[in-house]
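The values are calculated or read from the model by the stated rules, or taken from the named source; none is laboratory data. Since this is a predicted model, take the numbers as computed values, not measurements. Positions of Cβ are generated from backbone atoms using ideal geometry, with glycine treated the same way; all protein chains shown enter the neighbour counts.
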Amino acid sequence: MKFLLVTSTEREIVKVWVCQETSPAGSLLPPVDLASVAATIKSKGHQAQILDLRLYDDPWQEYHKEYERFRPDAIILNLTTTSATHDYQLIASTPGHVKKICFGTHAQEMVDYNFNKGVDFILLGDPEAAIASLIDCNMDGSRCLGVMTPKNNQTTPNYWENLDTLPKPALDLLDMTKYHAPYIKSGHSFTLLLGGRGCPYLCTYCLYPVLFGNKYRLRSVNNIADEIEEDYQKYDIKEFLFLDATFNSSSQRVHEFCEELLKRDLKINWACNMRVTPVSIHMLELMKRAGCSRIFFGVEDQDLLDETKKATTSHATTKAFKMARKVGIATVAFTMLFPRDDLNESQYSKRVLSILNDLKADAFQCNVAIPFPGTAMYEKQQNGVEPIWSQYDPHGESLPYKSNIDLVRVKKKVYRSFLISSPFLVLKAILGMNFKSFCQIVKTFIKQNV
């Protein structure tokens with residue numbers, strides 16, 4: 001069989017695994033989720049191609065052109081909430097005899113809605129495990145584990161038991177030179193990694209456990225290092241970003257990983273998402289020696305840590321940033337705005353700026369909290385109104401719920417005020433960016449503020 005794996009048609013939409021948003025920095029991230037699924041398909045002896053429609057000026061023409069050339073038996077999409085409107089258009093434009101297969105949080109949470117839009121199969125859990133089962137069952141969804149069809153609404157996800165046996169992502173199906181992000185050096189290829197899947201925490205807004213489950217399933221340190229070394233040697237990739245939400249869930253594992261990188265003497269840079277605990281000076285110093293150049297910490301709203309079930313403290317947050325600064329690892333603070341009744345717009349923006357000033361992060365990103373289907377926040381915000389999926393975007397201009405204050409305006413106030421009050425940090429952040437991302441940020445700022 002022939003499988004065509006397809007990205008969003010919209011260049012500004014970022015969607016990879018559970019990440020979904022329009023990028024204010026114009027990041028163009030490689031669709032490594034599709035590459036991982038494609039690798040599993042190829043391991044089963046079938047053909048797979050990846051079509052990144054974001055790379056073309058006329059994505060629709062390119063889609064139909066590639067369809068005529070490749071003649072796929074099935075298409076596969078990561079169906080996210082942010083991209084759903086465009087994904088449904090692509091599904092509708094695909095000939096009826098071609099099977100439409102979808103995975104991702106929106107796919108598995110909006111089941112009936114998706115089937116009504118023409119989806120034939122929904123993959124639950126690890127999409128590689130589910131697609132392998134579907135292929136083994138000769139595309140008979142009624143006999144598969146982790147596959148839903150319009151006639152078989154089973155809800156048991158299929159997880160890959162031993163992640164070390166998962167085929168490495170088929171990066172040979174991508175032109176890795178086409179992708180860029182703000183802190184990746186111009187001309188350097190980079191890729192995205194998952195060192196594990198799942199998350200044991202209960203944050204009310206988070207999608208990681210929705211797709212991958214609440215158990216944090218880990219790859220071995222050697223297996224991760226093998227992938228890095230292969231990408232380094234085969235594709236000349238020197239920059240790596242871990243997408244795990246809880247990279248530092250085990251201090252010992254972080255230490256073992258860093259020691260393995262040092263032993264292999266790989267001249268790479270890498271970055272990761274981390275919780276503010278557990279973090280220690282020794283851990284950060286070792287990470288620095290092993291090539292870690294940047295850490296993304298989830299700061300969210302420090303006043304609502306209990307309400308959002310963040311399971312951390314403001315003291316731990318401040319301490320983590322201070323330690324990273326001491327060892328020389330750059331930090332990015334991910335802040336998040338939630339509906340609040342106790343502050344007006346001006347007070348809220350000042351509160352966020354006060355937190356950022358205390359943390360002294362090298363850069364920050366301010367998102368508006370979005371109640372994505374599958375999260376506790378979504379259950380709380382449901383109002384029975386027909387959803388407008390384009391509003392489910394942390395960087396959008398409108399929200400899918402009512403708030404007593406305009407959170408989009410608060411976000412703009414935060415960025416404008418930071419630009420005025422911290423020119424040195426802004427200049428430092430700009431000097432560390434690649435040119436494409438800098439131009440996109442300027443363009444976005446002008447569009448939203450002039």
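For the reader, a short list of remarks on this structure follows.
- Looking at Asn223, Asn214, just one residue is within 28 Å of Pro157 (Cβ to Cβ) and without any contact (Cβ under 8 Å) to a residue 24 or more places away in the chain, and that residue is Asn214.
- Residue in the stretch 3-17 that is surrounded by fewer than 20 Cβ atoms within 10 Å (Cβ to Cβ) and polar (S, T, N, Q) present: no
- Among the residues of the stretch 378-392, those identified as surrounded by 19 or more Cβ atoms within 10 Å (Cβ to Cβ) and within 16 Å of Thr204 (Cα to Cα) are Tyr378, Tyr392.
- Among the residues of the stretch 1-11, the one identified as out of contact with any Leu (no Cβ under 9 Å at 6 or more places or on another chain) and either more than 22 Å from Leu134 (Cβ to Cβ) or basic (Lys, Arg) (or both) is Lys2.
- Subset of the stretch 30-48 [out of contact with any Asp or Glu (no Cβ under 7 Å at 6 or more places or on another chain), buried (at least 21 other Cβ atoms within 10 Å of the Cβ) and either outside the structural domain of Leu90 (by TED's automatic domain parsing) or part of a loop (DSSP other than H, G, I, E, B) (or both)]: Pro30
- The set of residues from the stretch 399-435 being under 21 Å from Tyr183 (Cβ atoms), at pLDDT below 95 and among the aliphatic types (A, V, I, L, M) comprises Leu419, Leu425, Val426, Leu427, Ala429, Ile430, Leu431, Met433.
- Taking the stretch 241-259 as the range and being more than 18 Å from Ala324 (Cβ to Cβ) and under 18 Å from the mean Cα position of the chain (by Cα) as the test, only Leu243 passes.
- Taken together, the residues in the stretch 178-199 that are part of a loop (DSSP other than H, G, I, E, B), in contact with a strand residue (DSSP E or B) (Cβ under 6 Å, 6 or more places away or on another chain) and among the basic types (Lys, Arg) amount to 0.
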